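These notes are about the structure you will find just below.
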Amino acid sequence: MSAGAAQGKLVRDLIPEIIRRDGGEPRTYVADDEEYVQRLKDKLQEELAEFLVAEHVSAQVEELADVLEVVHALARHLGFTPAELDVVRVQKALGRGAFQQRIVWTGNA
């Protein structure tokens, strides 16, 4: 793990540029593979937590978009494109269904 790995957080690629444009000087480094995956997992938990507390639909959609961005990054790290991931999602939905019918299972009789 790189120096500074115990602090900081994974940010979107353009964030350092935005900070510079706003007059700041960001301190950054590029994570190695092991740290990158852990940081993505941490980011997924962060974005999911933000979604769970978002109260307005617009904020919920923003947070879901962030969750999806992290999921896509994890898929790419595993060697799959977002489109390939979606194929797997569709195959699972065809074989096991989706979550559209709001079915809640309470056990077997």
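The values are calculated or read from the model by the stated rules, or taken from the named source; none is laboratory data. For clarity, every value in this text was computed on a predicted model and none was experimentally measured. We place every Cβ from the backbone using ideal geometry, glycine too, and count neighbours over all the protein chains shown. Areas reflect the complete protein model, heavy atoms only, side chains present, ligands, DNA and RNA absent. Shrake-Rupley method; radii C 1.70, N 1.55, O 1.52, S 1.80 Å.
When you look at LEU94, is it touching a Phe, Trp or Tyr at 6+ places or on another chain (Cβ under 7 Å) and open to solvent by 70 Å² or more (accessible area, probe 1.4 Å), yes or no? For LEU94, the condition - touching a Phe, Trp or Tyr at 6+ places or on another chain (Cβ under 7 Å) and open to solvent by 70 Å² or more (accessible area, probe 1.4 Å) - is not met.
If the condition is being more than 14 Å from LEU44 (Cβ to Cβ) and either acidic (Asp, Glu) or touching a strand residue (DSSP E or B) at 6+ places or on another chain (Cβ under 7 Å) (or both), then segment 64-109 contributes GLU84, ASP86.
Can you tell me which of ALA75, ALA31 is out of contact with any Cys (no Cβ under 7 Å at 6 or more places or on another chain), assigned to a loop (DSSP other than H, G, I, E, B), surrounded by 13 or more Cβ atoms within 10 Å (Cβ to Cβ) and modelled with pLDDT of 95 or more? Reasoning before the result, please.
Working: ALA75 fails: assigned to a loop (DSSP other than H, G, I, E, B).
Result: ALA31 is the single residue among ALA75, ALA31 that is out of contact with any Cys (no Cβ under 7 Å at 6 or more places or on another chain), assigned to a loop (DSSP other than H, G, I, E, B), surrounded by 13 or more Cβ atoms within 10 Å (Cβ to Cβ) and modelled with pLDDT of 95 or more.
Each row is one residue, and each column tells you yes or no for (1) modelled with pLDDT under 95; (2) small (Gly, Ala, Ser).
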| site | (1), (2) |
| --- | --- |
| GLY4 | yes, yes |
| ASP13 | no, no |
| ALA49 | no, yes |
| VAL53 | no, no |
| GLY95 | no, yes |
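Quick grid of which residues meet (1) part of a loop (DSSP other than H, G, I, E, B); (2) under 20 Å from LEU85 (Cα atoms); (3) in contact with a Gly (Cβ under 9 Å, 6 or more places away or on another chain); (4) of a type outside the set (A, V, I, L, M, F, W, C):
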{"site": "PRO26", "(1), (2), (3), (4)": "yes, no, no, yes"}
{"site": "LEU40", "(1), (2), (3), (4)": "no, yes, no, no"}
{"site": "PHE51", "(1), (2), (3), (4)": "no, no, no, no"}
{"site": "GLU55", "(1), (2), (3), (4)": "yes, no, no, yes"}
{"site": "SER58", "(1), (2), (3), (4)": "no, no, no, yes"}
{"site": "GLU69", "(1), (2), (3), (4)": "no, yes, no, yes"}
